[in-house]
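Q: This is the structure I want to talk about, given as structure tokens.
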Amino acid sequence: MHIGLGSVLWAPRQLTVGGNVHIGKGCTIQVDGSIGTGVLIANRVGIVGRTDHALRQVGSLIRDADWVGHHPERLSKPVRIEDDVWIGYGAVVLSGITVGRGAVVAAGAVVTCNVRPYEIVAGNPARPVGRRFTEGEITAHERLIFRSA
């Protein structure tokens, strides 16, 4: 695994990272969840919580409201980045999301919904813009790279 200069990995409870993962420079990954095998995360990517602060806590300043580090059982929503995913420069993936096997998240995308396997998403909020492979190519790809799994 490679973790680029200035990147931060932290989890309220647990974050697992598979083999052959590249995390670029200046990334912030602060969630519970998992990152699969063969994942490429470009520079300046954020994988962060959408519910990290209790923003509707009556009687507390937002700065003093409940925080995921103190209440992970209530505020943490795990992220799942499956195998063979590429997350482009400056993208943001919010907690509670699954990015499916072989998917591509374009630079600058803000992922607020699950991404299907081998889907390419872009924009804010991220929306499907294409597929990485045809169904036949997916079968061949998986046979070639996942055959030893």
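The values are calculated or read from the model by the stated rules, or taken from the named source; none is laboratory data. Fair warning: this is a prediction, and the values are worked out from it, not measured in the lab. All Cβ positions, glycine included, derive from the backbone under ideal geometry; neighbour counts span all protein chains shown. Please note that ligands, DNA and RNA were not included when accessible areas were found on the heavy atoms of the full protein model with its side chains. Shrake-Rupley method; radii C 1.70, N 1.55, O 1.52, S 1.80 Å.
Q: Considering all projection directions equally, how large on average is the shadow of the alpha-carbon convex hull of the chain, in square nanometres?
A: Values: hull surface 37.3 nm².
Across all orientations, the chain yields a mean hull projection of 9.3 nm².
Q: Going highest first, how would you order 69-82, 103-116, 6-19 by mean Cβ packing within 10 Å?
A: Highest to lowest by the protection proxy: 103-116, 69-82, 6-19.
Q: Let me ask something else about it. In nanometres, what is the gap between the two model label sites at residue 143 and residue 55, each 7 Å from Cα along Cα-to-Cβ?
A: 4.8
Q: With a Cα-only, solvent-free Debye model of the range 39-86, what are the log10 I(q)/I(0) values at q = 0.16, 0.23, 0.32 Å⁻¹?
A: Here log10 of I(q) over I(0) equals -0.58, -0.84, -1.18.
Q: Something else: Counting only protein heavy atoms and using a 1.4 Å probe, what share of the accessible area of the chain belongs to carbon plus sulfur, as a whole percent?
A: Whole-percent figure for carbon plus sulfur exposure: 55.
Q: I've got another one for you. Using alpha carbons only, how many degrees (0 to 90, rounded to 10) separate the axis of helix 135-145 from the longest principal axis of the chain?
A: The angle comes out near 90 degrees.
Q: Between residue 132 and residue 1, what is the label-to-label distance in nm when each label sits 7 Å out along the Cα-to-Cβ direction?
A: For residue 132 paired with residue 1, the spin-label model returns 2.0 nm.
Q: In the range 19-71, what trypsin sites (Lys or Arg not before Pro) fall in a loop by DSSP, with at most 16 other Cβ atoms inside 10 Å?
A: Numbers: sites: 25, 44, 50, 56, 63; in loops: 25, 44, 50, 56.
Answer in residue order: 25, 50, 56.
Q: For the range 43-139, report the accessible area per residue in Å² (1.4 Å probe, heavy atoms, rounded to an integer).
A: That works out to 54 Å² per residue.
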